[in-house]
């Protein structure tokens with residue numbers, strides 16, 4: 001139970017530290033923030049585990065009688081799972097495409113909004129597509145593709161091909177279409 | 001009992017996930033989340049049964065004593081977290097626009113594609129229209145006189161989204177450029 005308790009305390013610290021950092025500095029890439037904070041909190045989890053007594057001052061003694069290594073790794077795995085869930089909540093819900101659409105609809109209050117008006121919100125004034133305009137350059141920046149400056153063609157790097165193959169295999173296993 | 005709980009959670013999760021994958025090939029669900037949730041809920045009684053009768057070696061049982069109830073709690077907790085991980089992985093694969101781009105380039109000739117070709121196959125209009133249809137099917141929004149409105153469920157999700165955006169000081173996708 002100690003591993004579980006420490007992992008939830010560390011998770012709370014992790015989430016708060018990400019939020020505080022986001023308010024103090026201008027964040028260009030949230031993925032870097034989430035992962036670097038996770039890397040920083042990993043040793044803190046282990047320090048907290050070993051620096052505290054077996055019952056963490058509050059647990060009944062019976063709850064503390066577990067193999068230490070098992071309990072330690074169990075708590076760490078729970079922390080990692082929950083960190084992943086927080087990350088997915090941020091990118092999938094808070095920053096998700098569908099929730100973005102819901103937000104645009106809600107902003108119209110009782111007027112409602114047509115499909116065409118929603119689409120217009122995802123275009124820049126010059127008509128370029130906001131989704132493609134940042135995603136493809138971001139894939140190039142993070143090393144998944146290479147964009148030919150002359151032709152504009154996008155080619156997968158080894159990293160991109162690896163990620164794409166895993167995704168394609170997963171789509172086959174789940175029996176999904178192209179999705180997106 | 002923690003050992004028993006962990007092994008129970010992992011084995012029951014693997015079993016229902018494999019069954020779910022099989023079902024996806026035999027009779028694909030229209031609503032993937034409801035299908036995953038239904039399979040997860042059906043697996044809950046199995047957690048108790050497997051935990052009760054899991055064949056743990058005597059050594060492991062001696063090294064890891066503890067109450068039956070506490071071990072069962074860990075079994076259910078880890079089983080729930082594994083469900084979350086599975087659902088999240090599923091939606092990474094199914095919903096991600098970026099993942100779709102990578103796969104489209106992978107399947108293109110010489111694994112090279114021009115953005116205009118990608119956009120032709122999967123335009124902004126396609127992305128939005130498809131998502132609006134899914135949101136309508138899942139009762140987050142409704143259409144009245146040709147205009148979209150949030151339903152109660154949609155309003156709730158949007159409020160949670162707005163709070164999260166404030167909390168992490170982030171912007172929705174339409175404002176990122």
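Values quoted throughout were computed directly from the atomic coordinates according to the rules given, and no laboratory measurement underlies them. Treat the numbers as computed from the prediction; the structure is a model and nothing was measured. Please note: Cβ atoms are built from the backbone with ideal geometry, for glycine as well, and neighbour counts cover all protein chains shown.
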Which order, highest average first, do A:54-60, A:17-23, A:159-165 follow once you tally other Cβ atoms within 10 Å for each residue and take the mean per peptide? A:159-165, A:17-23, A:54-60
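How much length is gained on full extension from residue A:150 to residue A:166, taking 0.36 nm per residue of separation minus their Cα-Cα distance?
Details: separation 16, 0.36 × 16 = 5.76 nm, distance 2.98 nm.
Between residue A:150 and residue A:166, full extension yields an extra 2.8 nm.
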In nm², what is the average projected area of the convex hull enclosing the Cα atoms of the stretch B:2-95? 6.4
Tell me the angle of helix B:97-107 to the major Cα principal axis of chain B, expressed in degrees between 0 and 90 and rounded to the nearest ten. 80
Which order do B:94, A:117 fall in if you start with the one that has the fewest other Cβ atoms within 10 Å? A:117, B:94
Exercise: per-residue mean of other protein chain Cβ atoms within 10 Å, B:110-119: 5
Sequence of B:14, B:77, A:103 once ranked by neighbouring C-beta atoms within 10 Å, starting from the fewest: B:14, B:77, A:103
Per residue of A:124-131, what is the mean number of Cβ atoms on other protein chains within 10 angstrom of that residue's Cβ? 4
Do the sum for the protein assembly as shown: with -39,500 (n - 2.57) for every DSSP H run of n ≥ 4, divided by all residues, what is the mean residue ellipticity at 222 nm, to the nearest 500 deg cm²/dmol? -22500 deg cm²/dmol
Peptide B:66-74: average number of partner chain Cβ atoms within 10 Å per residue? 3
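So what's chain B giving for Rg/Rh, alpha carbon basis, Kirkwood Rh from the mean inverse pair distance? List each step's numbers first, then the result.
Values: Rg = 22.0 Å, Rh = 20.1 Å.
Expressed as Rg/Rh, it is 1.09.
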For the Cα atoms of chain B, what angle does the longest principal axis make with the long axis of helix B:68-95, in degrees from 0 to 90, nearest 10? 20
Could you list A:47, A:27 in order of exposure, starting from the residue whose Cβ has the fewest other Cβ atoms within 10 Å? A:47, A:27
Once each part is reduced to its C-alpha centroid, what is the distance from the stretch B:99-177 to the stretch A:73-126 in angstrom? 8
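So what's the protein assembly as shown giving for Rg/Rh, alpha carbon basis, Kirkwood Rh from the mean inverse pair distance?
Numbers: Rg = 23.0 Å, Rh = 22.9 Å.
On the Cα set of the protein assembly as shown, Rg over Rh gives 1.01.
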Is the shape of the stretch A:68-180 rounded, prolate or oblate, going by the alpha carbon gyration tensor and its root eigenvalues a ≥ b ≥ c, with a/c under 1.5 for rounded and a/b larger than b/c for prolate? oblate
Once the Cα gyration tensor of the stretch A:1-75 is found, what semi-axes does its equivalent ellipsoid get, as square roots of 5 times the eigenvalues, in whole Å, sorted largest first? 30, 11, 8
Gyration tensor verdict on the stretch B:110-175 (Cα atoms; rounded if a/c is under 1.5, prolate if a/b is larger than b/c, oblate otherwise): oblate
